[in-house]
1. Restricting to segment 6-249, compute how many DSSP beta bridges are antiparallel as a %, nearest 5.
2. How many nm separate the modelled label positions at Ser249 and Trp172, each set 7 Å beyond the Cα in the direction of the Cβ?
3. What pairs from Lys5/Lys112; Lys2/Lys149; Lys76/Lys149; Lys2/Lys253 go past 18 Å between their alpha carbons?
4. With axes computed from alpha carbons, what is the tilt in degrees of helix 123-139 against the longest principal axis of the chain, rounded to the nearest 10 within 0 to 90?
Amino acid sequence: MKRIKLADMTWMEFDARVRDENPIVLLPVGSTEQHGPHLPLSTDVILPEAVSMLVAEALGAIVMPAVPFGYKSQPKTGGGNHFPGTISLDASTLIAVLRDVVNELARHGVRKVVLMDGHMENQWFITEAIDLALRDQRREGITDLRVVKLGYWEFINAETEAVLFPDGLLSWALEHAAVMETSVMLHLRPDLVRADAIPNNPPADFPLYDIFPFDLAPIPPDGVLSSPASATAEKGRHVLGQVVPDIVSALGKAFA
Ligand SMILES: [Zn+2]
C-alpha cells in the first residue's frame, strides 16, 4: 500500500519514495484562528490538509504534517488577533519555520515542494520563506529545487463562485468563516460545525486604511466577516470537486 502521509511512513519508506519517484511533497500551512461561533479554531488547518490529501491521492504525492500556526490574524481578513484561542506567529518566526522545512526536504533529496496555504495572512511570508530557501539551496549547489505556493481558494472558478454565491460574491477577504469555509467544513467535518450557532449578520464595513492598534469598532464581535447562513454541505462538495482536479492539473504543469 502506498502511503500518503509522511508522518505514517518509516524513514526507509520515505527515502525509497524520494529516490525512486521524485515525488511532489505538499506542506499544508494553516493557522489556529477564531472562525466565529460555529467553526473550530483548526478550520484553516483542516481545509488545506484535506485538499492536500485529495491532490496527493491523484498525483501519488506525499503530504507533510501541517504547520498549525500562521501569521497574525488581521481584522479585515480574519477578524483580528485579539480573539481568545487565536494563536499566531510573528512573521519572522513563520518565515524561519517554513524556510527550515523546505531546506530539510531538499537536504533529503526532495525537489518538488508545494506550500498549500489555508490562511490568507500567510501568503507573503510563504513567498519570503521560499525565496530564502531557494537562496540557501543555490549556495549548496542545488539548482533543481522547485517550490509551488498556492492558496486553494484561489482555484475557485467563476462557475463554482456562482454556486457558492448565487447573489454575487462580496469579497474573498470578507469570506472569513463565511459561506465557503462553512460549506466545505459541513461537507468534510459536519461533526465540528455548530449548525445551530451559524450566524446571519450583515457584512463587516471597514475603512480603507488600517489603524494600529486595531480599532475594534468595525470588527463583528463574533468574528464572522460576512454571513455564512447560505452555507451547505452540497456547496462544499462542489468546491472540492472543482478545485482538487484543477490543482492536480496545475501541479502537473508546474512540475512538468
Ligand atoms: Zn479560515
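Derivation of every value follows stated rules applied to the coordinates shown; laboratory data play no part. Here the structure is a predicted model, which means the values were calculated and not measured. Please note: Cβ atoms are built from the backbone with ideal geometry, for glycine as well, and neighbour counts cover all protein chains shown.
1. Given both bridge residues lie in segment 6-249, the antiparallel proportion sits at roughly 10 percent.
2. 1.9
3. The pairs that break the limit, which is 18 Å between Cα atoms, are Lys2/Lys149; Lys76/Lys149; Lys2/Lys253.
4. So the inclination is approximately 10 degrees.
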